[in-house]
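No value in this document is a laboratory result; all are computed from the given coordinates. What you see is a predicted model, and the numbers here were worked out from it, not measured in a lab. Note that each Cβ is placed from the backbone with ideal geometry, even for glycine, and that neighbours are counted across all protein chains shown.
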Amino acid sequence: MNWIGEIAGLATSFLFTITAIIFTKAGRMVGSQVTNRIRLIFALTYLVAINFIFFREPLPFSANSSRWMWLSLSGVIGLALGDAFLFQAYVSIGARLGSLLLSLAPIFGSILAWVFFDETLTPLQMIGISIALAGIGWVVIAHEEPADTPHGHTRRGVLFGVLAGLGQAAGLVLSKQGMAGDFSPFQANAIRMLSAVIFIWLWAIIEGQAGGTIKAIGKQPKILWLIALGALIGPVLGVSASLLAIQHAEIGVASTLMALPPVILLPISYFVFKEKVGWQAIAGTFLAVLGVAVLFLA
């Protein structure tokens with residue numbers, strides 16, 4: 001059985017888990033928005049080099065205009081706007097509830113894929129997705145944030161969290177449209193990243209934050225190596241793996257497997273950061289793993 005899409009989805013979760021730890025540390029040093037802008041530049045640089053080495057062109061100029069249109073739109077909605085909404089949700093309602101709302105992405109993705117691609121899920125796949133999402137939600141809800149984490153459960157924060165999940169799902173759906181056929185995930189990622197970089201830096205210039213971003217990095221230049229490492233693991237390898245996942249699996253299945261970082265972070269938090277882990281979080285982890293197993297069996 002061909003499990004390329006499912007395996008790529010799981011790999012995406014592990015890569016995003018690692019990069020989340022890296023960017024959390026970087027974000028605390030120079031700010032999440034500064035980190036986001038700089039990481040996209042590093043990611044685009046890596047992808048240009050990868051495409052030049054393996055495909056003999058820095059960007060996939062040989063791709064037709066339809067691919068460029070769909071993938072560029074995907075980059076703006078998924079990488080630029082989606083992440084921006086997610087960061088705002090974290091600020092307004094905290095990482096716990098923000099992550100929970102982001103886990104709505106598989107549901108949004110399944111609905112959008114059904115509307116635009118006529119993708120249907122088998123009853124067993126729907127059961128697996130439901131079990132996995134329940135486990136993810138249980139882990140996130142059971143996790144206790146530090147006392148200094150900003151909360152404030154405002155309607156605005158909840159709206160941003162929902163929009164982040166919708167942005168991620170829409171980005172994947174648009175990517176699948178742009179990758180129709182046998183288009184390389186690295187080439188697709190380069191187009192998405194280019195559009196995200198242009199959009200987010202134009203946004204920063206309009207808001208007058210571009211200069212502040214450069215100054216923030218200038219004050220702590222050593223942070224660049226950390227952001228560069230995170231950009232390679234997440235936006236380059238992680239996002240490319242996610243594109244491979246949606247290319248070879250249903251969007252609902254792939255996005256569910258990609259929603260596992262809160263679960264994967266659980267043992268890391270316990271063994272590495274010595275955080276307390278309750279029985280609810282452990283039960284939620286097993287439930288999420290069971291859902292993933294059902295997806296593979298389906």
Of the DSSP H helices in the chain, the ones reaching 30 Å or more along their long axis in Cα terms and averaging at least 1.0 in Kyte-Doolittle hydropathy are 4-30, 32-55, 185-206
To the nearest 20 debye, the chain has a Cα-centred charge dipole, built from +1 on Lys and Arg Cβ and -1 on Asp and Glu Cβ, of 840
For GLU119, GLU250, GLU6, GLU207, ascending order of other Cβ atoms within 10 Å (fewest first) is GLU207, GLU119, GLU6, GLU250
Counting other Cβ atoms within 10 Å, which chymotrypsin sites (Phe, Trp or Tyr not before Pro) in the stretch 1-62 have at most 14 and lie in a DSSP loop?
-> TRP3, PHE61
Tensor-based shape of the stretch 4-297 (alpha-carbon gyration tensor, a/c under 1.5 rounded, otherwise prolate or oblate) | oblate
Near LYS274, which lysines are there with a Cα under 22 Å away, not counting those fewer than 8 places off in the same chain?
-> LYS25
Where does the chain land at 222 nm, in deg cm²/dmol rounded to the nearest 500, when only DSSP H runs of n ≥ 4 count, each adding -39500 (n - 2.57), divided by all residues?
-> -25500 deg cm²/dmol
On full extension of the chain, what length is gained from VAL272 through PHE52, given 0.36 nm per residue of separation minus the C-alpha to C-alpha distance?
-> 75.4 nm
Selection of chymotrypsin sites (Phe, Trp or Tyr not before Pro), the stretch 224-289, meeting DSSP coil and at most 11 other Cβ within 10 Å = PHE273
Relative contact order of the stretch 2-105, defined on C-alpha pairs under 8 angstrom at six or more residues apart (%) | 13
State which stretch of the chain is the longest one without any exposed trypsin sites (Lys or Arg not before Pro), exposure meaning a DSSP loop state and at most 12 other Cβ atoms within 10 Å.
-> 57-221
